[in-house]
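Novice: The structure that follows is given in the form of structure tokens.
The values are calculated or read from the model by the stated rules, or taken from the named source; none is laboratory data. This structure is a prediction, so every number in the text was calculated from the model and none was measured. Methodologically, a virtual Cβ is constructed for each residue, glycine included, from the backbone with ideal geometry; neighbour enumeration extends over all protein chains shown.
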Amino acid sequence: MNYVFYDFETTGLDTKFSQPIQIAAVCLDSNFNELDRMDEKCKLKDGIIPHPSAMLVTKVPINLLKNGQSFYDMMDYVYDKFKSWGPAIFIGYNSMRFDEEILRSSFFQSLHDPYLTNTNKNLRTDLFKIILGLVALDNTIIKIPITEKTKKPSFKLELIANENGIEHIKAHDALSDVYATIDVAKIIREKAPDYWDECMKTISPRGLIEYIDTNDFFYAAPEHGAANITYKPISFLTSNPNNHKELAFFDLNNDPKTYHEAGISKITSMIESRQKVIRLYQANKSPIILSSDFMSSSGIFKDDEIHKFKEKSEELSIYDDFIEKVNFALVERYDDFQITREPSEFLEGQIYNAGFYSSIDKEKINLFKNCDNPKEKYIISKEFQDRRLREISYRVLFSESPNVFSDQELLDRKRFIADKVFCTEEKVKWCTLERAKNEIQSIKEKDSNKDQVSYIKEIENYLQAEEKRYESYLSGDISV
């Protein structure tokens, strides 16, 4: 199976309302030989205001934001390229929290299947998680830098690359970050092959569930760099009956005798409290969970500790009533979440809200994508059953062929975009013009940014030009 390492540079940190402006990826064969690569950049969609602080990090050329290829053209290319590389294991750095969600959101907003990286025999994992697990297992294979200021380990990719003698030409350039990620992965794969192979066994939900059947208890790797870098001994209890990818484990640092008679509310607190007695892991997010057999020779735990973990795990298996109550608590939490979760009024937040598309809509997506006639695409856009698809297709048409709209439709679309840009509500998740202007002012006042005065001025001029452009959207001007 191929490996695909990838990385994004984006306009901000919100995974729904930010936009990728650079996507880079490298496809390797199973022996880590490079097969292909891509490095794509694009201009901003209408209505997207970039966070100046993000621009300072990426140093994106201002001209690209205005004159690059469209977001939709880039996502078409990325989707086709990723699909052609599969089936593959998609790997990023800290990707489960950010890059994977950005990728899904971007595919969703460009009429593509959001779940490409974990369907059609594709798999996904996160090198950041793999590194945390390795460091807790053996801290001699990958050197983790200690920051001078905090005197604590830092898991930033650029610092790890530098600490391990990896050439990292330009941090926060997507392609450079991809190659740094590959080189770190190579070290792990070459110096800890058994650990690498063990991690690969559980990167799919099915693989993890099958893996759980092989042992009596397990060890869960740390998931946060700030937490204690140590493994947790855990025993599998059950999967959520209403969400089979949510797996519940008992933390074997605790005594089952103390908890097996707990009621539903107590069990819920055992899940939600800071000192978790019951730990939940999402099987579709590649947690690093290793079997007791694999960990037996690690030397992390003493023989008497391992013996106690095994006894506790065996004891848990006889508490059928406890496991039933855990099931009930999991269902209750899940149902409460579904009821209390407010659906977003904005398209960007609706990726998970309205279910999957109908077969009819899927056929119309293909018709829309394969149609070269803007007027025919406009007709198709009106026929989507799912209103999300109608809105996405309108946005694509506004970007590619705005002349297909009537004067009133064009005016309404421009006002809709401008209203978001000029929004003054504090709680909105996207970067508004006001937020960007305040941010650039704060940046200018920091002494640490004095060496970037020229680029900061470029950003400021760009924001001023964008303000004038969007003011014209409100003026009733329908020229395109």
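Novice: What's the number of the only condition in (1) under 27 Å from the mean Cα position of the chain (by Cα); (2) within 30 Å of Leu56 (Cα to Cα); (3) part of a helix (DSSP H, G or I) that Glu391 fails to meet?
Specialist: The failed condition is (2).
Novice: Of all residues in the stretch 399-409 being assigned to a helix (DSSP H, G or I) and without any contact (Cβ under 8 Å) to a residue 24 or more places away in the chain, which is nearest to Lys45 (Cα to Cα)?
Specialist: Out of the qualifying residues, it is Glu409.
For (1) modelled with pLDDT under 95; (2) farther than 21 Å from Leu28 by Cα; (3) not small (Gly, Ala, Ser), each residue gets a yes or a no:
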{"residue": "Pro61", "(1), (2), (3)": "yes, yes, yes"}
{"residue": "Leu65", "(1), (2), (3)": "yes, yes, yes"}
{"residue": "Phe71", "(1), (2), (3)": "no, yes, yes"}
{"residue": "Val78", "(1), (2), (3)": "no, no, yes"}
{"residue": "Phe82", "(1), (2), (3)": "no, no, yes"}
{"residue": "Trp85", "(1), (2), (3)": "no, no, yes"}
{"residue": "Arg104", "(1), (2), (3)": "no, yes, yes"}
{"residue": "His112", "(1), (2), (3)": "no, yes, yes"}
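Novice: Taking the stretch 57-97 as the region of interest, how many residues are buried (at least 19 other Cβ atoms within 10 Å of the Cβ), touching a residue at least 60 places away in the same chain (Cβ under 8 Å) and of a type in the set (A, V, I, L, M, F, W, C)?
Specialist: Qualifying residue count for the region: 9.
Novice: With Phe249, Phe236 as the choices, which residue is more than 30 Å from Lys156 (Cβ to Cβ), buried (at least 18 other Cβ atoms within 10 Å of the Cβ) and at pLDDT 95 or above?
Specialist: Exactly one residue qualifies, and that residue is Phe236.
Novice: Which residues, counting only those in the stretch 200-233, are more than 14 Å from Phe294 (Cβ to Cβ) and over 23 Å from the mean Cα position of the chain (by Cα)?
Specialist: Glu210, Asp213, Asn228, Thr230, Lys232 - these are the residues of the stretch 200-233 that are more than 14 Å from Phe294 (Cβ to Cβ) and over 23 Å from the mean Cα position of the chain (by Cα).
Novice: Quick test for you: out of Glu342, Glu348, Glu383, pick the one residue that is without any contact (Cβ under 8 Å) to a residue 24 or more places away in the chain and surrounded by 11 or more Cβ atoms within 10 Å (Cβ to Cβ).
Specialist: Going through Glu342, Glu348, Glu383 in turn, the sole match is Glu383.
Novice: Is one or more of the residues making up the stretch 280-290 farther than 20 Å from Asn243 by Cβ and under 33 Å from the mean Cα position of the chain (by Cα)?
Specialist: Within the stretch 280-290 (the criterion being farther than 20 Å from Asn243 by Cβ and under 33 Å from the mean Cα position of the chain (by Cα)), the answer is yes, since at least one residue qualifies.
Novice: For Pro87, indicate whether it is out of contact with any helix residue (DSSP H, G or I) (no Cβ under 7 Å at 6 or more places or on another chain) and farther than 24 Å from Lys170 by Cα.
Specialist: The answer is yes for Pro87.
Novice: Here's something else I'd like to know. Can you name the number of the only condition in (1) touching a residue at least 40 places away in the same chain (Cβ under 8 Å); (2) surrounded by fewer than 18 Cβ atoms within 10 Å (Cβ to Cβ); (3) closer than 18 Å to Lys43 by Cα that Val396 fails?
Specialist: (2)
Novice: Say we look at the stretch 352-372 and pick out the residues that are over 28 Å from the mean Cα position of the chain (by Cα) and assigned to a loop (DSSP other than H, G, I, E, B); which of these is surrounded by the fewest Cβ atoms within 10 Å (Cβ to Cβ)?
Specialist: Asp372
Novice: Going by what's in this entry, would Asp335 be described as closer than 20 Å to Gln282 by Cα and among the charged types (D, E, K, R)?
Specialist: For Asp335, the condition - closer than 20 Å to Gln282 by Cα and among the charged types (D, E, K, R) - is met.
Novice: A follow-up question, please. Just name the residue that is farthest from the chain's Cα centre (by Cα) out of those in the stretch 108-126 that are part of a helix (DSSP H, G or I) and buried (at least 21 other Cβ atoms within 10 Å of the Cβ).
Specialist: Applying the filter and picking the extreme gives Phe108.
Let's see how each residue does on (1) in contact (Cβ under 8 Å) with a residue 40 or more places away in the chain; (2) in contact with a helix residue (DSSP H, G or I) (Cβ under 7 Å, 6 or more places away or on another chain); (3) over 15 Å from Leu316 (Cα atoms); (4) surrounded by fewer than 16 Cβ atoms within 10 Å (Cβ to Cβ):
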position: Pro241; (1), (2), (3), (4): yes, yes, yes, yes
position: His244; (1), (2), (3), (4): no, no, yes, yes
position: Tyr259; (1), (2), (3), (4): yes, yes, no, no
position: Ile267; (1), (2), (3), (4): yes, yes, no, no
position: Gln275; (1), (2), (3), (4): no, no, yes, yes
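Novice: Of the residues Lys375, Lys414, Lys382, only one is modelled with pLDDT of 95 or more, among the charged types (D, E, K, R), closer than 30 Å to Ala465 by Cβ and more than 28 Å from the chain's Cα centre (by Cα); which?
Specialist: Every option except Lys414 fails the conditions.
For (1) among the hydroxyl-bearing types (Ser, Thr, Tyr); (2) in contact with a Lys or Arg (Cβ under 7 Å, 6 or more places away or on another chain); (3) exposed (fewer than 11 other Cβ atoms within 10 Å of the Cβ), each residue gets a yes or a no:
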| residue | (1), (2), (3) |
| --- | --- |
| Glu434 | no, no, no |
| Lys437 | no, no, no |
| Ile443 | no, no, no |
| Asp447 | no, no, yes |
| Val453 | no, no, yes |
| Lys457 | no, no, no |
| Tyr462 | yes, no, no |
| Leu474 | no, yes, no |
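Novice: Moving on to the next point. Looking only at the stretch 11-54, which residues are farther than 16 Å from Ser70 by Cα, among the hydroxyl-bearing types (Ser, Thr, Tyr) and either in contact with a helix residue (DSSP H, G or I) (Cβ under 8 Å, 6 or more places away or on another chain) or not assigned by TED's automatic domain parsing to the domain that holds Ile102 (or both)?
Specialist: Thr15, Ser53
Novice: Also: If the Cβ limit is 9 Å and pairs must be 6+ apart or interchain, which residue in the stretch 146-160 that is outside the structural domain of Ala171 (by TED's automatic domain parsing) pairs with which residue that is aliphatic (A, V, I, L, M)?
Specialist: No pair meets every condition.
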